[in-house]
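Every read-out reported here was derived from the displayed coordinates using simple, explicitly stated rules and does not represent laboratory data. Values in this document were obtained by computation on a predicted structure and should not be read as measured data. Reconstructed Cβ throughout: ideal geometry from the backbone, glycine too, with neighbour counts over all protein chains shown.
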Amino acid sequence: MHSLPKGLKAQHHSAIAVSRALASPGIILSIFLLGVLLSLGFRKNLTDKDGHPIPPGPPLRYPFLPKYPERILHRWRNQYGPIFSVWMGNQLFVVLNDPVVARDLLVVNGSNFSSRHNYFMKNQTILQGGAITATPYNDTWRKHRRIANSILAPRAVEGYSATLDYEAHMLIKSLYHDTEKGAIPVNPARYAGRYVLNNMLSVTFGSRTGSVADPIIKRALPLGNEFMKLTGPWSNAVDFITPLQWLPTSTRSRGRALRKEFLEVYGTLINIVKDRMASGESVPDCLVKSLLECQDQEELSWTDMCLLTTAFATGGSHSTSGTIQWFLAFMPSHPEIQAKAHEELDRVLGRENWPTAEDEKRLPYIRAIIKEVLRCHSPFWMATPHASDRDFVYRGMYIPAKTVMMLNCYSLHHNEERYQDPFNFNPDRYLEDNLSSTESSKLADAMKRDHWAFGAGRRICPGMPIAEKEIFLAVSRLLWAFKIQPVAGEPPCLDEYEGYSGRTPLPFRVNLEPRHEQVHRVLGTRDEIPGSFELADEFLGH
Ligand code: HEM
């Protein structure tokens, strides 16, 4: 063997020493762990076969985002632009922050961006791919969605008009009496809660609170709250860190228990309607009656029936009652907006008659207030995420199959190009807008759409027509009947909120001062069938 020159010999020896050290098990393990940590902690910049990169985004991966994730997303939107990507554990999210981008992907390319991510808690454990909202984009979803559309379409909603009208009457009447005609302040949450709950029970089961079904309804109500707590789109580390899913955590047990309860409790409620129909009782038209009537023809399993009913009953309750509460939270600090609304109501309807659902088109300022409440305080800042089915390239950026597509309503609703002075509550911005939100969501020009609170594309909220009606009746009658005044020293908080997947204001009180003597007369035209506040409290999770 040739002997090496002196310098090379030294290098050779140190190289051997390094490779021996590297070969020691401790170092190998450390390097391996470092590699794992790096791959777990830092983003992976994927490219497709043609070299298109994924949209830009933050360098780290996240196990969850803290409360108020929309604020973090908005900062990232300012840094990375209209479309960015973020890794949650090993799941890629693409966040859509601009109206044109949102429409291009979720609406125009809806055939690829209409599925759902298989979240561990919501989709796998609790709903197991059911309840429409957790179903991937497939034939089962198409069938269940068609049934939901037929039951919730604007024409079908006409059938519930009398119920909605009656409950809006009772909402105002109970507020008028319980505040002793405006003499004492009130926390409106349980009133909004009871209003929406009675609507939901009538529309879903054909009976309201105060019925024989109350004990089982009492069991059903906390389930909606538990569902909201367990299923925020960014809040559960167990959704993003696979090994946590193998552990018997309390979160996992709660998810399993909730599924069992959903099936048992909603199954019992369906059976009550079934028994009433079988005994020849004339059950009012309701969602469960429609489901029972089409069960055989549509080949719906019992689990399908229970979960579809769960979707109708829980899907739209907190969102609708939350919107009414946000409206009431805004009003005390905006007397000038109330004055304009009162002027419109007095001019168009006078004081002899109060608004009915048919007056919506004649009251553009009230409609503008509602749109502005939904813009400034959407119940879901992140809608419900969609997922992609196939690889896609958009504006030179690669979006792999099975990416979660997040509609960032917070940034969409605070887009300076679309909304002048976006952090200001100003209904005037909607005065030229003659469309309902259902109509507006179909506009070809994304920059003209009123807001994105109901989502977008093929998964857009099917409950929009009924939610719009409920909110209009509540808001227009509250304004017709009352001046909504602050309680001294207790301004409602407009920045913080409760909830992870749906948002409602922190508890607050307002003074409701009757505006004129006709309020008493109009409220006296109908009697209240007793309904339960105790159930409204359960419903709100108080
Ligand atoms: C203010 C009230 C409401 C708001 C803000 C709201 C919002 C939403 C949003 C953002 C989505 C997800 C849309 C998407 O994936 O792009 C959704 C889906 C859904 N909503 Fe609503 N919603 C409301 C009321 C209702 C009502 C009253 C019902 C039923 C009676 C309802 C039933 C549903 C169902 C079943 C889905 C799932 C649709 C699917 O995955 O195909 N919602 N809603």
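Just a few scattered comments:
- Among the residues of the range 439-458, the ones that are near the ligand (Cβ under 8 Å from one of its atoms) and outside any loop (DSSP other than H, G, I, E, B) come to 2 in all.
- With respect to the conditions (1) away from the ligand (no atom under 14 Å from the Cβ); (2) assigned to a loop (DSSP other than H, G, I, E, B); (3) surrounded by fewer than 21 Cβ atoms within 10 Å (Cβ to Cβ), residue 354 falls short on a single one, namely (3).
- Test: residue 125 is surrounded by 20 or more Cβ atoms within 10 Å (Cβ to Cβ), more than 12 Å from the ligand (Cβ to nearest atom) and either within 17 Å of the chain's Cα centre (by Cα) or not aliphatic (A, V, I, L, M) (or both): yes
- Selection status of residue 151, surrounded by 22 or more Cβ atoms within 10 Å (Cβ to Cβ), away from the ligand (no atom under 12 Å from the Cβ) and either β-branched (Val, Ile, Thr) or more than 30 Å from residue 403 (Cβ to Cβ) (or both): no
- Residue in the range 103-113 that is surrounded by 20 or more Cβ atoms within 10 Å (Cβ to Cβ) and within 18 Å of the chain's Cα centre (by Cα) present: yes
Okay, residues lined up against (1) touching a Ser or Thr at 6+ places or on another chain (Cβ under 9 Å); (2) closer than 29 Å to residue 135 by Cα; (3) among the hydroxyl-bearing types (Ser, Thr, Tyr):
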position	(1), (2), (3)
300	no, yes, no
317	no, yes, yes
323	yes, yes, yes
329	no, no, no
338	no, no, no
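- Enumerated helices (runs of 4 or more DSSP H) restricted to the range 241-308, each holding at least 2 residues that are among the aliphatic types (A, V, I, L, M) and closer than 20 Å to residue 226 by Cα: 250-278
- One residue stands out among those in the range 473-492 that are part of a loop (DSSP other than H, G, I, E, B) and touching a helix residue (DSSP H, G or I) at 6+ places or on another chain (Cβ under 6 Å): the one that is farthest from residue 177 (Cα to Cα), which is 492.
- Counted residues, the range 377-410 - those being over 21 Å from residue 466 (Cβ atoms) and either surrounded by 23 or more Cβ atoms within 10 Å (Cβ to Cβ) or within 13 Å of the ligand (Cβ to nearest atom) (or both): 14
- Some residue of the range 94-112 being in a loop (DSSP other than H, G, I, E, B), touching a residue at least 24 places away in the same chain (Cβ under 8 Å) and closer than 29 Å to residue 258 by Cβ: no
- Restricting attention to the range 498-521 and to residues that are part of a loop (DSSP other than H, G, I, E, B) and free of Cβ contacts under 8 Å to residues at least 60 places away in the same chain, the residue that is nearest to residue 350 (Cα to Cα) turns out to be 517.
- Out of 156, 168, 162, sole residue that is closer than 20 Å to residue 358 by Cα, away from the ligand (no atom under 16 Å from the Cβ) and part of a helix (DSSP H, G or I): 162
- Qualifying residue in the range 449-471 (condition: exposed (fewer than 15 other Cβ atoms within 10 Å of the Cβ) and closer than 30 Å to residue 511 by Cα): no
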